[in-house]
2 protein chains.
Amino acid sequence: MPQSPEELRSTVEAYLEGLELWPELHGQAESVRYSLVVGGKRVRPVICLAVAEAVGADVAAALPAAAALELVHTFSLVHDDLPALDADEERRGRPSTWKQFGEAVGVLAGDALLAEAFRLATSYDRTRVARELAEATLGMIGGQYLDVTGSAPDEATLHKLKTGCLFAAAVGLALWACEVEDQASWRAFGDELGLLFQIVDDILDADGYVETHGVDGARLLADEAADRARARLAEVDADTSVLREIVDSLAVRTA
Amino acid sequence: MPQSPEELRSTVEAYLEGLELWPELHGQAESVRYSLVVGGKRVRPVICLAVAEAVGADVAAALPAAAALELVHTFSLVHDDLPALDADEERRGRPSTWKQFGEAVGVLAGDALLAEAFRLATSYDRTRVARELAEATLGMIGGQYLDVTGSAPDEATLHKLKTGCLFAAAVGLALWACEVEDQASWRAFGDELGLLFQIVDDILDADGYVETHGVDGARLLADEAADRARARLAEVDADTSVLREIVDSLAVRTA
């Protein structure tokens, strides 16, 4: 029996909770842990583990990659919240990292999350997991730049970078961690998943795609992305039942 | 004929100048390049290349590792200069990155430098270069934390983290890049080199070791560290003439 999305999420949480941070971080570790435990839906690492499971690999093989991805996502939130960027004082009902620990430690917390992510990604013998993580991180930072400077050529480009890069990596990292070489359909699936997540995000926030396409138009685009994601899953030779469940729930999520 | 330190530095400069940044960085690339070309002595990458040369490897084999190390060093300067940390408006006679591009882009420039460093470090097939770079970066960040919070147990601990980690990595990265397995004397050499650099830094700035040991005391400590570094070099089976030259010049440097 493959693990359900909820079971995979518990697996991610347990791994993150037990994660041994690099000892030389000293007191900086506290703000790193604080940033991580505030938590969230762990969507990206759950997708990563579900892909590993679908291809018949041991979920444990993809856990360092999945956790590294969640650390990169958390790094981006910690730096986005800084006064110089979004100036958010709260995240998920608790003080944001810089608000809790001061701005200097908030900058360093993001830095440490990023470096820890790469330490995790280099626990594999070959560099392919860490390399794809670095590339995805750079794309996400490029998206952040376009966002804060208001210089994005269009919304699709912006979202493909800000959201799409890490969703694509959720699939890509699992493929490398599990040594899957036939990747085309999988990668197309990852791209659709990122698009689906972004459109539903905009429907929930009533911005982005809702502004350009209206609520009904955005809903249609989301449904089409979900259909294409399911079609891609049907192409791969794997047990994709859990991933189909994830697509279904991403399409109708309300939070 | 091995390349002189000056030739190695030119090699580093040329490589950094020609470095192709990840295209998805978009406009963020400008601040990354700005931060890099402000330059400096390139001490760490030169040491890295000199170790590669000493063990008889092709200097080109260590270039991505050496450049990655310089990018991590530059990342640390860019974030240190931020208003929330040292609030430095100038670096080497030019506006610091955040002063030139604004604080948001300044934060992202440091992030991008770190991610690009890992992309470079993962251009090797095996993860050992990137893993040691991640560990050294985490130690350096831990040192930054002790510094900004004033919580360092003692000065030696602080400097071993803030300066020592990247000097040790300058040697360690070259060893992995060139697949040198017998590392003990080399690693002891790297530690002495970091200590030597730090003490001389304090002599030039009249702080740190000068405050605790006086000028003459600090000078003596520097000379002893240089002697131990030379003794470690004498232990390894390699042409260490260029590295001896580097030790000599670090001991008597005036800038």
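The values are calculated or read from the model by the stated rules, or taken from the named source; none is laboratory data. Keep in mind the model is a prediction, meaning the values are calculated, not measured. Here the Cβ positions follow ideal geometry from the backbone for every residue, glycine too, while neighbour counts run over all protein chains shown.
Which condition from (1) among the charged types (D, E, K, R); (2) touching a Leu at 6+ places or on another chain (Cβ under 9 Å); (3) part of a loop (DSSP other than H, G, I, E, B) is the one that residue A:53 breaks?
Here residue A:53 clears every test but (3).
Pick from region A:98-129 the residues that are of a type in the set (S, T, N, Q) and facing chain B (nearest Cβ under 8 Å): which of them is nearest to residue A:82 (Cα to Cα)?
Applying the filter and picking the extreme gives A:122.
If you scan region B:208-255, which residues turn out to be of a type in the set (S, T, N, Q) and under 23 Å from residue B:54 (Cβ atoms)? I'd like the intermediate steps shown before the answer.
Keep residues of region B:208-255 that are of a type in the set (S, T, N, Q), which gives B:212, B:240-241, B:249, B:254.
Those that are of a type in the set (S, T, N, Q) and under 23 Å from residue B:54 (Cβ atoms): B:240, B:241, B:249.
As an exercise: evaluate residue B:156 against (1) surrounded by 19 or more Cβ atoms within 10 Å (Cβ to Cβ); (2) more than 23 Å from residue B:63 (Cβ to Cβ); (3) small (Gly, Ala, Ser) and give the number of the one condition it does not meet.
Every listed condition holds for residue B:156 apart from (1).
State which residue pairs qualify: first residue at pLDDT 90 or above and inside region B:244-255, second residue among the β-branched types (Val, Ile, Thr) and surrounded by 17 or more Cβ atoms within 10 Å (Cβ to Cβ) in any location, beta carbons under 8 Å apart, and separation of 6 or more residues or different chains.
B:246/B:46; B:246/B:47; B:250/B:43; B:250/B:200; B:251/B:200
Working only within region A:140-157, note down all residues that are facing chain B (nearest Cβ under 10 Å), in a helix (DSSP H, G or I) and of a type outside the set (S, T, N, Q).
A:140, A:141, A:142, A:143, A:145, A:146, A:147, A:148, listed by residue number.
It is to be established whether one or more residues within region A:43-51 are among the basic types (Lys, Arg), touching a residue at least 24 places away in the same chain (Cβ under 8 Å), more than 9 Å from chain B (Cβ to nearest Cβ) and touching a Phe, Trp or Tyr at 6+ places or on another chain (Cβ under 9 Å).
yes
Being of a type in the set (Val, Ile, Thr) and more than 9 Å from every other protein chain (Cβ to nearest Cβ): is that true of residue A:163 here? Give the derivation first.
On the way: of a type in the set (Val, Ile, Thr): yes; more than 9 Å from every other protein chain (Cβ to nearest Cβ): yes.
Here the answer is yes, as residue A:163 does meet what is asked.
Can you tell me which residue within region B:91-147, out of those that are of a type in the set (Phe, Trp, Tyr) and out of contact with any Asp or Glu (no Cβ under 7 Å at 6 or more places or on another chain), is nearest to residue B:157 (Cα to Cα)?
Among residues in region B:91-147 that are of a type in the set (Phe, Trp, Tyr) and out of contact with any Asp or Glu (no Cβ under 7 Å at 6 or more places or on another chain), the one nearest to residue B:157 (Cα to Cα) is B:145.
Being among the polar types (S, T, N, Q) and at the interface with chain B (Cβ under 10 Å from one of its Cβ atoms) is the filter here, so list the residues in region A:67-92 that pass it.
Across region A:67-92, the qualifying residue is only A:76.
Closer than 23 Å to residue A:3 by Cα and assigned to a helix (DSSP H, G or I): does that describe residue A:218? Please lay out each step first, then the result.
Numbers: closer than 23 Å to residue A:3 by Cα: no; assigned to a helix (DSSP H, G or I): yes.
Against the criterion (closer than 23 Å to residue A:3 by Cα and assigned to a helix (DSSP H, G or I)), residue A:218 does not qualify.
State all residues of region A:225-255 that are of a type outside the set (A, V, I, L, M, F, W, C), exposed (fewer than 13 other Cβ atoms within 10 Å of the Cβ) and assigned to a helix (DSSP H, G or I); if no residue qualifies, say none.
A:249
Does residue A:137 satisfy the criteria of being assigned to a helix (DSSP H, G or I), facing another protein chain (nearest Cβ under 8 Å) and of a type in the set (S, T, N, Q)?
Against the criterion (assigned to a helix (DSSP H, G or I), facing another protein chain (nearest Cβ under 8 Å) and of a type in the set (S, T, N, Q)), residue A:137 qualifies.
Mind checking which residues of region A:131-166 are in contact (Cβ under 8 Å) with a residue 40 or more places away in the chain and closer than 13 Å to residue A:118 by Cα?
Those that are in contact (Cβ under 8 Å) with a residue 40 or more places away in the chain and closer than 13 Å to residue A:118 by Cα: A:132, A:133, A:136, A:137.
Hey, among the residues in region B:56-91 that are without any contact (Cβ under 8 Å) to a residue 24 or more places away in the chain and not in a loop (DSSP other than H, G, I, E, B), which one's surrounded by the most Cβ atoms within 10 Å (Cβ to Cβ)?
Narrowing region B:56-91 to residues without any contact (Cβ under 8 Å) to a residue 24 or more places away in the chain: B:58, B:60, B:83-84, B:86-90.
When the remaining residues are screened for being not in a loop (DSSP other than H, G, I, E, B), the result is B:60, B:90.
Working: B:60: 12, B:90: 10.
My answer is B:60.
For region B:29-50, how many residues meet the condition of being in a loop (DSSP other than H, G, I, E, B) and basic (Lys, Arg)?
2
Which residues, taken from region B:1-48, are among the charged types (D, E, K, R) and buried (at least 23 other Cβ atoms within 10 Å of the Cβ)?
Result: B:42, B:44.
How many residues are in contact (Cβ under 8 Å) with a residue 40 or more places away in the chain, assigned to a helix (DSSP H, G or I) and either among the hydrophobic types (A, V, I, L, M, F, W, C) or within 14 Å of chain B (Cβ to nearest Cβ) (or both) when one looks only at region A:1-28?
Qualifying residue count for the region: 5.
If you check B:161, B:175, B:146, B:166, which single one turns out to be over 16 Å from the mean Cα position of the chain (by Cα), modelled with pLDDT of 95 or more and either surrounded by fewer than 16 Cβ atoms within 10 Å (Cβ to Cβ) or of a type outside the set (S, T, N, Q) (or both)?
B:146
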